[in-house]
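Taking it in order: structure first as structure tokens, then the write-up.
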Amino acid sequence: MTITCWNDLEDGQLQGAPLASQILYLRGLRKYMDYETGLVGAKRRTSWQALTEVLYVEPHQGETRSGSYSKQQVRRLAKRLETLGLVEMRSDQAAKHLVFFLPLAFTDRSVQKKADT
């Protein structure tokens with residue numbers, strides 16, 4: 001079982017953002033961030049298709065928004081996260097890898113090491 005948490009900086013930037021953007025960040029990106037580097041997609045690959053699947057909403061009676069988002073819509077949501085300062089696109093065009101850096105997320109480097117006693 002993986003534990004995913006985010007900090008107050010991230011939470012503050014997500015406040016007021018469209019719900020789909022928040023889900024994309026928390027369930028599509030933050031959940032799979034490498035805590036050593038702050039990168040998503042470098043070690044465990046990701047794709048626009050995988051991110052669209054995260055945003056899929058099961059059809060249910062009374063639901064106004066259900067179904068899938070298009071890759072174009074997901075790209076726009078990712079751009080919104082970039083505008084908010086939550087992500088930086090670092091895709092490797094030569095290798096065609098989709099890579100995101102999460103600058104506000106705490107990483108192993110941001111945790112202070114306790115001195116030995």
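The values are calculated or read from the model by the stated rules, or taken from the named source; none is laboratory data. Because the structure is predicted, anything quoted here is derived from the model rather than measured. For neighbour counting, all protein chains shown are included, and Cβ atoms are generated from backbone atoms with ideal geometry for every residue, glycine included. These area figures cover heavy atoms from the full protein model, side chains too; ligands, DNA and RNA do not enter into them. Shrake-Rupley method; radii C 1.70, N 1.55, O 1.52, S 1.80 Å.
With contacts defined as alpha carbon pairs under 8 Å and 6 or more residues apart, what's the relative contact order of the stretch 6-59 in percent?
Details: 21 pairs, mean separation 18.0, N = 54.
Here the relative contact order equals 33 percent.
To the nearest 10 square angstrom, how much accessible area does Glu88 have with a 1.4 angstrom probe?
70 Å²
Can you find, among Thr37, Met1, Ser47, the residue farthest towards the positive end of the dipole of the stretch 1-47? Put +1 on the C-beta of Lys and Arg, -1 on that of Asp and Glu.
Farthest towards the positive end: Ser47.
Test of understanding: what is the full-extension gain from Gln15 to Tyr56, defined as 0.36 nm times their sequence separation minus their Cα-Cα distance?
Result for the pair: 12.6 nm of gain on full extension.
Sort Glu58, Glu10 by accessible area with a 1.4 Å probe, largest first.
Ranked from most to least accessible, the order is Glu58, Glu10.
Quick one: give the max-minus-min coordinate of the C-alpha atoms of the chain along each principal axis, largest first, in Å.
The Cα atoms of the chain stretch 60, 36, 30 Å along the principal axes, largest first.
Taking 0.36 nm per intervening residue step and subtracting the Cα-Cα distance, what contour gain separates Ile3 from Ser47 on full extension?
Difference between extended and current length: 13.6 nm.
In nm, what is the difference between 0.36 nm times the number of residues separating Met89 and Ser66 and their Cα-Cα distance?
Stretched fully, the Met89-Ser66 segment lengthens by 5.5 nm.
How big is the charge dipole of the chain about its Cα centre, in debye rounded to the nearest 20, if each Lys and Arg gets +1 on its Cβ and each Asp and Glu gets -1 on its Cβ?
360 debye
Go through the stretch 77-83 residue by residue and turn each phi into a ³J(HN,Hα) via Karplus (6.51, -1.76, 1.60, θ = phi - 60°); whole Hz please, and just put x for glycine and proline.
Karplus-based 3J(HN,Hα) across the stretch 77-83 equals 5, 5, 5, 4, 5, 5, 4 Hz.
Of the chymotrypsin sites (Phe, Trp or Tyr not before Pro) in the stretch 1-83, which ones lie in a loop per DSSP and count no more than 11 other C-beta atoms within 10 Å?
Of the chymotrypsin sites (Phe, Trp or Tyr not before Pro), the ones in loops of the stretch 1-83 whose Cβ has at most 11 other Cβ atoms within 10 Å are Tyr56.
Find me the longest stretch of the chain that has none of the exposed trypsin sites (Lys or Arg not before Pro), where exposed means in a DSSP loop (not H, G, I, E or B) with at most 13 other Cβ atoms within 10 Å. Could you put the intermediate results ahead of the total?
Details: sites that count: Lys43, Arg44, Arg45, Arg65, Lys96, Lys113, Lys114.
For trypsin sites (Lys or Arg not before Pro) (loop position, at most 13 other Cβ atoms within 10 Å), the longest site-free span of the chain is 1-42.
Calculate one ³J(HN,Hα) per residue across the stretch 32-42 by plugging θ = phi - 60° into the Karplus curve 6.51 cos²θ - 1.76 cosθ + 1.60, and present them in order as whole Hz with x for glycine and proline.
For the stretch 32-42, the Karplus-derived couplings read 10, 5, 7, 5, 6, 10, x, 9, 10, x, 7 Hz, x marking Gly and Pro.
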